[in-house]
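The values are calculated or read from the model by the stated rules, or taken from the named source; none is laboratory data. Keep in mind that this is a model prediction, so the values were computed, not measured. FYI the Cβ positions are ideal-geometry reconstructions off the backbone, even for glycines, and counts take in every protein chain you see.
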Amino acid sequence: AGARVIDALFNEFEDWSVEDRKKALSVTGLSVEEEGSRKAVVRGTLEYFSRDMLSSIKTRLQSACQKGAGGEYRLDFDSDHPAEMDPAIVDAVREVSLKLLGADSVKILKRKTWTEDFSNYAQALPAALLLLGTGATGKPRIAHTGGFDIDESHLHSGAAILTESALSILRKLSK
């Protein structure tokens, strides 16, 4: 049952243009748990690059489940909430990053993607998203793709940024 749903899922998105696929959808961590011959649980994480695309994605997922299941199905979404970053945390991380790395090494990006896993963290506590080791020259380093290769030489900078950001926030709170 699970394999049929997965096949239907890929077939459902096959007619999208390459450009639409780039803008619309990334599926990560897809897994199937067979529960006998008549029941399967399919889980995964969606990333969509435009909030407008979510309703289209949901419609196609409904269609894929209907075709693949060949009978009853239930489609649940754990979260429809985009990642909301806390302005105070973002400011602290930005200030510390600029201080430690300099303006040439820090880029402030407009939101490009909504990731459900990060949004779960951001709903639970104040958060900011920091992309580290993904902006190297040469080929792009796009997370959640087969060609992703983090530049590990920046991990020490990340540890310093996180530590100093936490200390900065604690100093402000203690005033």
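Run down Lys172, Lys139 and say which single residue is at pLDDT 90 or above and among the charged types (D, E, K, R).
Values: Lys139 fails: at pLDDT 90 or above.
It is Lys172.
Surrounded by 13 or more Cβ atoms within 10 Å (Cβ to Cβ), at pLDDT 65 or above and assigned to a loop (DSSP other than H, G, I, E, B), is that true of Leu132? Walk me through it before giving the result.
Numbers: surrounded by 13 or more Cβ atoms within 10 Å (Cβ to Cβ): yes; at pLDDT 65 or above: yes; assigned to a loop (DSSP other than H, G, I, E, B): yes.
The answer is yes for Leu132.
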